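Written out below as C-alpha cells is the structure these notes cover.
The values are calculated or read from the model by the stated rules, or taken from the named source; none is laboratory data. No experiment lies behind these values; they were computed from the predicted model shown. Every residue, glycine among them, receives a Cβ derived from its backbone with ideal geometry; neighbour counts consider all protein chains shown. Remember, those area values only see protein heavy atoms, side chains included, never the ligands or the DNA or RNA. Shrake-Rupley method; radii C 1.70, N 1.55, O 1.52, S 1.80 Å.
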Amino acid sequence: MKRQITCLLAVCMLSALLCGCGRSEKQSAGTKPTAPVQTAAATEAPEPQTLGDIPDVDDIVRCYKELVNGNYGVEYDSSAPLPGGFDGVGEWYPVTNYGSLSELRRHVQQYLSDALMEKRHFGDSLQEVDGKLYWQKGGVGYVRYRVDRQEALTRDESLDAQYGGKCYQTSLELYGSADNYCGDEAVVFALCADGHWRIVAAEP
C-alpha cells in the first residue's frame with residue numbers, strides 16, 4: 001500500500017512539473033520582444049547663407065523676370081489675335097497655357113508676394129473675354145536676371161512683420177535685351193508662413 005501511495009505521489013509531482021514547464025514555454029513563446037524606443041533629436045534646417053540655398057530659386061527669379069517683362073510666362077497663339085483688340089487698341093492674342101486670369105495669378109503667387117505683384121501692375125496686359133484669356137504683346141524692352149548662387153543672403157528681421165515671413169536681403173544681376181549688364185537689383189526673399197520661398201520686394 002505504501003508503495004502505491006509513493007508511486008501515486010511521484011506521478012502527481014511529475015505531472016505538476018510538466019504542466020509548469022508547458023506554461024512557461026507557452027508564455028515565453030507568446031511574449032513579443034519590446035522594441036527599444038528611439039528618440040531622434042529635432043533638427044532645424046540650416047540657416048540659408050547664399051542664393052543657392054533657396055529651394056527653386058531659379059523658378060522664383062524666372063517668375064519675377066516674367067512679371068517685370070509683362071509676359072507672365074504665357075504661351076499664346078500668334079495666328080489668331082482678337083479682332084479689333086480691346087477698344088481698338090493693340091493686338092490681343094489667345095493664351096494657350098492658362099484658362100483664366102485667376103489660374104495664372106495662383107501660379108505666380110507660388111513665387112511672388114501679392115504686394116510685389118500689385119506694385120508691378122500684374123494683369124495690366126491680360127484680359128478675359130467669354131471665358132478665354134488674352135494677352136497683349138508689349139512694346140517695352142526685355143530684361144532678364146542672372147542668379148549668382150554664391151551671392152550672400154543677409155537676414156533682416158526688421159522686415160519680417162511687414163512681409164509675413166523670415167526675410168533676407170540680397171541682389172540679382174540685371175541684363176538688358178542685348179545681354180548687356182545693367183547693374184544689380186536689390187531684392188528681398190522671404191520664407192513665408194506656408195513654407196514657400198518668395199520674392200516679396202525689389203528695388204532697381
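Worth pointing out:
- In segment 51-101, of all residues being part of a strand (DSSP E or B) and under 14 Å from GLY123 (Cβ atoms), the one that is modelled with the highest pLDDT corresponds to VAL95.
- Against the numbered list (1) of a type outside the set (S, T, N, Q); (2) surrounded by 18 or more Cβ atoms within 10 Å (Cβ to Cβ); (3) within 21 Å of the chain's Cα centre (by Cα), ARG155 comes up short only at (2).
- Just one of the listed residues (LEU126, LEU116) is in contact (Cβ under 8 Å) with a residue 12 or more places away in the chain and under 18 Å from LEU191 (Cβ atoms), namely LEU116.
- Residue in segment 112-122 that is surrounded by 16 or more Cβ atoms within 10 Å (Cβ to Cβ), under 21 Å from the mean Cα position of the chain (by Cα), of a type in the set (S, T, N, Q) and part of a loop (DSSP other than H, G, I, E, B) present: yes
- Residue check for ARG106: touching a residue at least 40 places away in the same chain (Cβ under 8 Å) and out of contact with any Asp or Glu (no Cβ under 9 Å at 6 or more places or on another chain): no
- Residues of segment 160-178 satisfying the condition of being open to solvent by less than 40 Å² (accessible area, probe 1.4 Å) and touching a residue at least 40 places away in the same chain (Cβ under 8 Å): TYR168, THR170, LEU172
- Complete set of residues in segment 179-204 that are open to solvent by less than 20 Å² (accessible area, probe 1.4 Å) and part of a loop (DSSP other than H, G, I, E, B): none
- Residue in segment 128-149 that is open to solvent by 60 Å² or more (accessible area, probe 1.4 Å) and part of a helix (DSSP H, G or I) present: no
- VAL143 vs. criteria under 21 Å from the mean Cα position of the chain (by Cα), within 17 Å of ARG62 (Cα to Cα) and among the β-branched types (Val, Ile, Thr): no
- Filter result (charged (D, E, K, R) and farther than 11 Å from GLN110 by Cβ) within segment 188-204: GLU203
- SER113 vs. criteria of a type outside the set (Phe, Trp, Tyr), in contact with a Phe, Trp or Tyr (Cβ under 8 Å, 6 or more places away or on another chain) and at pLDDT 95 or above: yes
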